[in-house]
Structures are given as C-alpha cells and as structure tokens.
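The values are calculated or read from the model by the stated rules, or taken from the named source; none is laboratory data. These numbers come from a predicted model, not from an experiment. Note that each Cβ is placed from the backbone with ideal geometry, even for glycine, and that neighbours are counted across all protein chains shown. With ligands, DNA and RNA removed, areas are computed over all heavy atoms of the protein, side chains included. Shrake-Rupley method; radii C 1.70, N 1.55, O 1.52, S 1.80 Å.
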Amino acid sequence: MAHEEQSNRFEEVFQLLSDHGFEGMAQAIAILMNEAMKLERADALGAAPYQRTETRRGHANGFKPKTVNSRLGRLQLNVPQTRGVEFYPSALERGERSERALKLAVAEMYVQGVSTRKVAEITQELCGLDISSTQVSRAAELLDEELRGWRERPLGKARYVILDARYEKVRHGGSVRDCAVLIAIGVMDDGKRSVLGVSVSLSEAEIHWRTFLKSLIDRGLHGIEMIVSDDHAGLKQARKACFPGIAWQRCQFHLMQNAMHYVPKVAMRTEAATDLRNVFNAPDRHEADRLLKQLVAKYQETAPDLAAWIESDLPEGLTVFELPSSHRRRLRTSNMLERVNQEIKRRTRVATLFPNEASLLRLVSAILSEISDDWETGKVYLTMPDATQTRTEKG
C-alpha cells in the first residue's frame, strides 16, 4: 500500500514537470521532500505506516504544515510528527542552518548600518529570498541570544589570563562617546587559548573592570597562576580586589613605552631601550635584578627620573621569570591580545560609529567567538609541564 502511494506521488512529480517545466519545480520538490520526510520518519520509528513490528520505537502522529523559502520559491511542506520518540527531518535541519547563517549575515549588515531596503535587494539578488525589516530585527535578536549564551558560558581552569581594553566610537545620549571594550583571554589548563569574556562600557573605570572580572569568577574561572596586563589604574585596582595574591606581569611592551617618557634627551632613547631589553632578556631573575641595579646606578646622574622609574616600576615587568622558561616569551607582554585587537579593528573600522553599546557588543562578540572557536579547536599554544618540571625549569 505504501509503495503504491509513493509510486502515485512520483507519477504526479513527473506529470508536473512534463506539463509545466521549470515552473513546476517548486511543487515537484515539495512533493519529493514530503515523501523523503515520511520515509525518514518510518526509519526513526522502526516501522512503516500501519506496519506491526516488534522493532517499533514510537508512533506516527500526523503532519504539521510548514512553508519554507527556497531559491525555487515557497515550498508548502507537511512535516511528519511522531509520538513516543524525538524526530525532526534532517533535510529541514540543514535548511534551517542555512537560513540561520543567512539571517546572521543580515544581522551583521544591519549592525554595519546597511539600510533595510539594501539588505532586501542583496538577499533577493544572492538568494532569491525576500527578507523584511521585521526579519532583520529577528535575526539581530537571534544573534544577540546566541552571543549572550557564549559570553555567559561556564569557564574552567585558566593558568594565565591576559587583560586589555580598546575603544570604539558609539552614540550615547545624543553625543559621540569613546566606549571601552574590555577583553579577557586565557591560556587554559590544556595549553589552548580561549577568549574568556568581553564587556562594553563607557570607560575603563575601576567599577567596570571589577564588574567584568567578577563575572568571570562567577562563571567558574579558577586556577590562575599569573595575570598579564598594562598598568591602567582602574584595571589595577579591580585586579587586586578580585584576584588578590595572584602574580601580576606588567606588559613589557607598555613598560618600554612608559620608560621613554623619563628619558631626558631623544639621543639617549636608543641606548636606554637597549639597556631595558637586556634586563628583559636576562636568562633568569637573579641576572635581571643584577642588571636592573646597574641601570639605576648608570642613570642616577644623567637621567635621575629614569633611574627612579627603573627602580620602582621595572620589577613589575620581571614577574614572568617565575614561569617555566618555555612560557616566558609568550607571556611577558599582552601582545597576544593586541593582535586580537587588530582583528577587531579590521572588522569594526567599516562601521566607524556604532549607534549604541549593544550593536558594538554584538559585533565584537561575534568576532571574538570566531577567534575563540579557532583557538579551542586548534593547536596547543603552550605545553603545560607538571609540577616537577616546573620546579626544574625555574631552578
């Protein structure tokens, strides 16, 4: 009986194509998809319609109408329903993933300021689909929901955490403001990198950094051995409040830039930079401390402000010597995060000005989630030694 019904449906498809040619393609495809979905339901149930068998895992429960947009036009489908077993046709799942990808692309165009009319023209030209302004808004809502889930996902053990901020222009209260994008990257216990979180606020004030760092802790971040960042006052206070007792490595790149402000003559900068690099490149902490004392004495007369700065601030950039030697080069600066910021800038400079903080957070989160996925599924960034190896390398 089922075989006879399928044969009749296939004959209907052939007749449609014979009578109407390409104009009958949409209806023909709908018929074929309906038959394919019924066959898949039978496979999921372990029994054909009306068949009695011991392998049956559930029962057919009618059909639910569904209209699907396609390049052939609108397809009127009858989606098979089941009772007693979970089932959804794989063909529609693939179609929904494609539709979702399209809608997310539309949402990004929306963020970038592309008009609704232009979005509709692009999607019509590329995909043969009409997408309304309402659908664009829904796509943005879908994207927000998914990215919120990514930002709030549970965290685990991160050996090292790198913190930094960058700024983007947003409209706020009728004026254009610089908006801080706070970012945290972790080197996890398996040696791979992960973007731990991102937050958008109107400044790098201590309260904003503290709220952001506390959210990482609330999501389960633990096991931190060292934090790498610059010396921003708000970040420094928040770090001490949220992660007391955890070692801090002040970014050596930023330290070098800060040092140049204390060099009294331009002609002295090259020599001073070389001296500082020698300290940073020392084979161990003992040698670094010896070279630091030499520099304080060397510049005591010719550049007393530089000498005082070296004595008070430079040690903050030497904490990295506590780590295994194989980890030091990659963790003595926040350059890893600087490269991430460059990728964000490449993608955000098209927008120039964001209409609000939410649109900025949406786009930056999308970029960072892509980067994080690549890291988490890619190669190990740092090989994590066990405790014995760590003691040997430090010693």
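Computed values, structure above
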read-out	value
Within the stretch 295-305, tally of residues that are open to solvent by 30 Å² or more (accessible area, probe 1.4 Å) and touching a residue at least 12 places away in the same chain (Cβ under 8 Å)	3
Enumeration of residues in the stretch 32-62 that are touching a Pro at 6+ places or on another chain (Cβ under 6 Å) and under 21 Å from E12 (Cα atoms)	M37, K38, E40
Checking R349 against (1) basic (K, R); (2) modelled with pLDDT of 85 or more; (3) within 25 Å of Y167 (Cβ to Cβ), the condition it does not meet	(2)
Which listed residue, of S325, S334, is on the phi < 0 side of the Ramachandran plot, surrounded by 15 or more Cβ atoms within 10 Å (Cβ to Cβ) and among the polar types (S, T, N, Q)	S334
Test: S334 is more than 18 Å from M268 (Cα to Cα) and touching an Asp or Glu at 6+ places or on another chain (Cβ under 7 Å)	yes
Residues satisfying the stated conditions in the stretch 239-249, i.e. more than 21 Å from E338 (Cα to Cα) and either assigned to a helix (DSSP H, G or I) or open to solvent by 50 Å² or more (accessible area, probe 1.4 Å) (or both)	K240, A241, C242, P244, G245
Residue, surrounded by the fewest Cβ atoms within 10 Å (Cβ to Cβ), within the stretch 18-69, restricted to residues that are among the small types (G, A, S), modelled with pLDDT of 80 or more and assigned to a helix (DSSP H, G or I)	A36
Test: residue in the stretch 188-197 that is on the phi > 0 side of the Ramachandran plot and more than 19 Å from the chain's Cα centre (by Cα)	no
Near pairs, Cβ below 8 angstrom, 6+ apart or cross-chain, from the stretch 306-329 (under 20 Å from R269 (Cβ atoms)) to any residue that is among the hydroxyl-bearing types (S, T, Y) and surrounded by 19 or more Cβ atoms within 10 Å (Cβ to Cβ)	L306/Y299; A307/Y299; I310/Y299
Checklist (1) over 24 Å from the mean Cα position of the chain (by Cα); (2) assigned to a helix (DSSP H, G or I); (3) surrounded by 14 or more Cβ atoms within 10 Å (Cβ to Cβ); (4) not polar (S, T, N, Q) applied to R362, failing item	(1)
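Let's see how each residue does on (1) among the hydroxyl-bearing types (S, T, Y); (2) at pLDDT below 90:
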position	(1), (2)
K169	no, yes
S194	yes, no
G197	no, no
V200	no, no
I207	no, no
L235	no, no
P244	no, no
M260	no, no
P264	no, no
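So that you can scan it fast, the table gives a plain yes or no per residue for (1) touching a residue at least 40 places away in the same chain (Cβ under 8 Å); (2) open to solvent by 30 Å² or more (accessible area, probe 1.4 Å):
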residue: L235; (1), (2): yes, no
residue: C251; (1), (2): yes, no
residue: N258; (1), (2): yes, yes
residue: D275; (1), (2): no, no
residue: D284; (1), (2): no, yes
residue: E287; (1), (2): no, yes
residue: R290; (1), (2): no, yes
residue: K293; (1), (2): no, yes
